[in-house]
Amino acid sequence: MFVLRPAVVNAPHRVTTDEIRRALHRVQPDHPHRRLFDRVAGSIGVDVRYFSEPLEVASAPAPLPERTRTAWEHLRDHGVEAARQAMAEHGLDAQDIDVVVTSHATGDRKPGLDLALINELGLKPTVRRVPMTQHACGGGTQSLIQAANMIDAGRGRTALVVVAETLSTVYHYSDVTRESVVFKFLFGDSGAAAIVTADKPADRPCLEVLDTYEMVLPGTTHYYQQRIEPDGWHFDSTREAVEATSVVMPHVVKWLTEGDPAWTAGHVVAHPGGPKVLDSVEAALGCAPEVMRHSRASMRDGGNRGGAAVLDVLRLALSDPDLAASTGLIVSFAPGFSTAALRTRAHLPVR
């Protein structure tokens with residue numbers, strides 16, 4: 001199976017890190033640890049993120065039904081547009097899609113994004129669907145795994161993967177723990193779409209899926225959690241969550257090298273969950289910082305866009321003229337604490 005370059009649609013409102021820093025100082029003038037706002041702003045590694053609404057609207061109090069409705073409408077629109085762009089870029093029409101895999105953890109709605117895509121894009125009514133709503137930051141990698149599984153099982157030759165999130169819906173000034181402050185600086189909104197195909201393209205770069213891996217770290221469901229209150233959804237985490245990536249990465253490395261003793265990290269598409277997440281991946285792989293450049297660039301210009309973020313990293317990698325034909329991986333981490341990864345090989349166009 002081969003993953004083609006994704007399309008990414010960012011939300012329309014560009015919000016800088018300094019805007020968030022100044023807003024926190026303004027609304028929390030008596031916070032006992034106000035210097036935290038400046039420390040996080042200076043170390044988060046994000047210059048801008050994109051919100052579906054202006055910062056003053058996204059941060060304003062609103063009841064749960066209103067927040068959920070608007071979050072859904074935004075992620076639906078971004079996901080549909082990303083799908084249109086991905087299909088157009090790779091010369092596909094609606095009848096070419098055999099499988100549609102979707103993921104969104106915000107904007108809870110039944111029916112979900114898979115049905116919106118069928119109706120908005122005119123996909124075949126018999127298209128096979130794999131909708132997922134609880135993978136959050138792991139949604140992009142998990143969706144690629146499910147698309148590869150469906151193609152490998154003979155359920156079709158072309159899969160459309162669409163992941164969209166409105167993470168700004170969890171922006172609340174009432175949440176001022178250290179972890180929630182970090183999320184304010186980190187989270188952004190977007191939609192992303194990728195094509196997974198059984199046929200290797202000759203005229204464009206792609207990543208071949210060689211193997212897949214999934215792991216849940218037992219007893220860690222409290223590390224990251226969604227909390228539902230009358231004023232909307234909140235996202236909480238613990239200090240242990242920060243170290244979880246360094247705990248699971250040795251297992252990922254073992255799987256990579258057992259499956260291919262000659263495996264090396266020629267390219268790494270790591271979910272930009274935060275600077276410590278990327279530092280842990282880099283340290284475990286023992287790779288040069290240059291190999292992680294696409295993940296850090298995506299985080300710098302967009303932050304953590306949930307499950308869509310890893311598809312943005314993949315977009316940058318497959319747009320890079322310096323991408324080398326090499327082995328590598330795609331990897332994400334999510335609430336659970338869960339890990340999803342694909343062992344990959346990069347292929348370049350035939351010249």
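Going by the conditions given, is V196 among the aliphatic types (A, V, I, L, M) and either outside any strand (DSSP E or B) or crowded, with 18+ Cβ neighbours inside 10 Å (or both)? Against the criterion (among the aliphatic types (A, V, I, L, M) and either outside any strand (DSSP E or B) or crowded, with 18+ Cβ neighbours inside 10 Å (or both)), V196 qualifies. Here Y224 clears all of (1) surrounded by fewer than 19 Cβ atoms within 10 Å (Cβ to Cβ); (2) touching a strand residue (DSSP E or B) at 6+ places or on another chain (Cβ under 6 Å); (3) within 30 Å of V80 (Cα to Cα); (4) modelled with pLDDT under 90 except the condition numbered (1). When the range 220-254 is filtered for residues that are in a strand (DSSP E or B) and of a type in the set (S, T, N, Q), the ones remaining, listed by number, are T220, Q225, Q226, S237.
With respect to the conditions (1) free of Cβ contacts under 8 Å to residues at least 40 places away in the same chain; (2) within 14 Å of V196 (Cα to Cα); (3) not in a loop (DSSP other than H, G, I, E, B), G91 lacks only one, and its number is (3). Given the criterion under 23 Å from A346 (Cα atoms), at pLDDT below 90 and among the hydrophobic types (A, V, I, L, M, F, W, C), identify the matching residue among A262, A284. Just a single option satisfies the conditions, and that option is A262. For the range 189-214, which residues satisfy the criterion of being of a type in the set (A, V, I, L, M, F, W, C) and either at positive phi or modelled with pLDDT under 95 (or both)? Listed by number, the list holds a single entry, A202. So, R84, is that one among the basic types (K, R), at pLDDT below 95 and surrounded by fewer than 20 Cβ atoms within 10 Å (Cβ to Cβ) or not? Criteria not met by R84. Filtered by the rule that a residue be closer than 30 Å to T220 by Cα and touching a helix residue (DSSP H, G or I) at 6+ places or on another chain (Cβ under 6 Å), the range 309-337 gives V310, L311, D312, V313, I330, S332, F333, A334, P335, F337.
Residue by residue, here is whether (1) part of a helix (DSSP H, G or I); (2) in contact with a Ser or Thr (Cβ under 9 Å, 6 or more places away or on another chain) holds:
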| residue | (1), (2) |
| --- | --- |
| V9 | no, yes |
| P32 | no, no |
| A62 | no, yes |
| R76 | yes, no |
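The values are calculated or read from the model by the stated rules, or taken from the named source; none is laboratory data. Treat the numbers as computed from the prediction; the structure is a model and nothing was measured. When we count neighbours, we look across all protein chains shown, and the Cβ atoms used for this are built from the backbone with ideal geometry, even at glycine.
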